[in-house]
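Please treat every number below as a calculation from the coordinates, not as lab data. Please read all numbers here as calculations on a predicted model, not as lab measurements. Every residue, glycine as well, gets a Cβ built from its backbone with ideal geometry; the counts of neighbours run over all protein chains shown.
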Amino acid sequence: MNKQNTYKPIGVFDSGFGGLTVLKEIVKEMPQYDYLYLGDNARAPYGSRSFETVYEYTLECVKHLFDMGCELVILACNTASAKALRTIQQKDLPLIAPNKRVLGVIRPTTEIIGNYTQSGCVGVLGTAGTVSSGSYLVEIEKFFPDLKVYQEACPMWVPLIENNEYQNEGADFFIKKHVTNLMQQQPNIDAIILGCTHYPLIIDKIKSYLPSNVEVLSQGPIVAKGLKEYLQRHPEMEVNCSKSGTVSFYTTDLPETFDKAATLFYGAPVTSKHLAL
Ligand code: DGL
């Protein structure tokens, strides 16, 4: 059998670097599988883009991942999960790849958020696109209808992180501003979802502007656990994932630039290849 037939990595997609915070946890939880990461850095950030654009870009990247052998793709991007996932699952997959699957990061997070709050008031920090889509409100309502959910869009955070400015003083102004805005909506919030896969990079700064009783949840470990359970529930998909323990990285922008920043997100050296769209 040639590589094409045997190499069936799990695809992990993000607009840029953020999904690496999820990939890192998935690989830690299940190192046996092959993984293929794709960052659409050339067109990031997605957070302020329209539904149509996010859908179009995401679908294009998912098709590339399918062409590269992936049978299962995780949209490790809340913006893409909020704006493109449902249409891809319901409209595109039946036509282009009925046996392949695309999963997002919002559902695994909303399934467990109720376990982290005493007050019943939870917060969501995300991109403008994720917040305006209302996806978190809709999904949390399904699992925990009694919870009160408050959202805050943080449009400057992804650009600060993508441009490696997040450790500088200027970043603190915007981090404090949005954390304060969220807590002013409801001071009893005691659990906050980092509803953007870039935000774990600034979790310490976010926490520094919050009371110590507030739980701040990064999605990486939650999504990793959710994926493990998914593969246990779907053995027909699990057998389709090849198990040589490799991790490959692709970016739609310059690999040299990607590798430097990606190493910070992934926590280990990254060597990527360019993917031409
Ligand atoms: N990591 C993406 C998310 O989780 C960032 C979106 C963007 O590119 O603005 O939403």
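Express the Stokes-Einstein translational diffusion coefficient of the chain in µm² s⁻¹, to the nearest whole number, given a Kirkwood radius over alpha-carbon pairs, 25 °C and a viscosity of 0.890 mPa s.
Estimated diffusion coefficient is 131 µm²/s.
Enumerate the calculated ³J(HN,Hα) couplings along region 140-157 in order (Karplus 6.51 cos²θ - 1.76 cosθ + 1.60, θ = phi - 60°), each rounded to whole Hz, writing x wherever the residue is Gly or Pro.
Computed from phi, the couplings for region 140-157 are 5, 4, 5, 8, 9, x, 8, 6, 9, 10, 10, 10, 9, 7, 10, x, 8, 5 Hz.
Gain in length, Lys176 to Lys142, computed as 0.36 nm per residue apart minus the alpha-carbon separation, to one decimal in nm?
9.2 nm
5 Å is the cut-off here: which amide hydrogens, built 1.01 Å from N in the peptide plane, fall below it relative to Cys77, excluding neighbours closer than 5 in sequence?
Excluding prolines and chain starts, which carry no amide H, the hits are Val105.
Sorted from largest down, what three extents in whole angstroms do the Cα atoms of region 169-277 have along their principal axes?
47, 39, 25
Long-range amide H contacts for Gly16: which residues qualify at under 5 Å (H placed 1.01 Å from N, peptide plane, sequence gap of 5 or more or a different chain)?
The list, which skips near neighbours in sequence, is Asp40.
Report the net charge of residues surrounding Lys142, where surrounding means a beta-carbon distance below 14 angstrom and charges are Lys +1, Arg +1, Asp -1, Glu -1.
Taking every Cβ under 14 Å from that of Lys142, the sum is -2.
With contacts defined as alpha carbon pairs under 8 Å and 6 or more residues apart, what's the relative contact order of the chain in percent?
Here the relative contact order equals 27 percent.
Under unit Cβ charges (Lys, Arg +1; Asp, Glu -1), what dipole magnitude, rounded to 20 debye, does the chain have relative to its Cα centre?
360 debye
What list of ³J(HN,Hα) values in whole Hz, one per residue of region 94-109 in order, does the Karplus curve 6.51 cos²θ - 1.76 cosθ + 1.60 (θ = phi - 60°) give from phi, with Gly and Pro shown as x?
x, 8, 9, 7, x, 9, 9, 10, 10, 10, x, 10, 6, 4, x, 6
Could you please report the charge total around Ser133, scoring K, R as +1 and D, E as -1 over all other residues with beta-carbon less than 11 angstrom from its beta-carbon?
That sum, taken over residues with Cβ under 11 Å, equals +1.
Lys/Arg Cβ at +1, Asp/Glu Cβ at -1, dipole of the chain taken about the Cα centre: which of Pro155, Thr53, Ala261 is farthest positive-ward?
So the residue furthest toward the plus end is Thr53.
If you take the Cα Rg of region 48-157 and divide it by 2.2 N^0.38 Å, with N the number of residues, what do you get?
1.15
What are the semi-axes of the equivalent ellipsoid of region 181-223, taken as the square roots of 5 times the eigenvalues of the Cα gyration tensor, listed largest first and rounded to whole Å?
Semi-axes, largest first: 18, 11, 10 Å.
For region 87-210, list log₁₀ I(q)/I(0) at each q in 0.12, 0.15 Å⁻¹, using the Debye formula over Cα point scatterers of equal strength and ignoring solvent, two decimals each.
-0.50, -0.73
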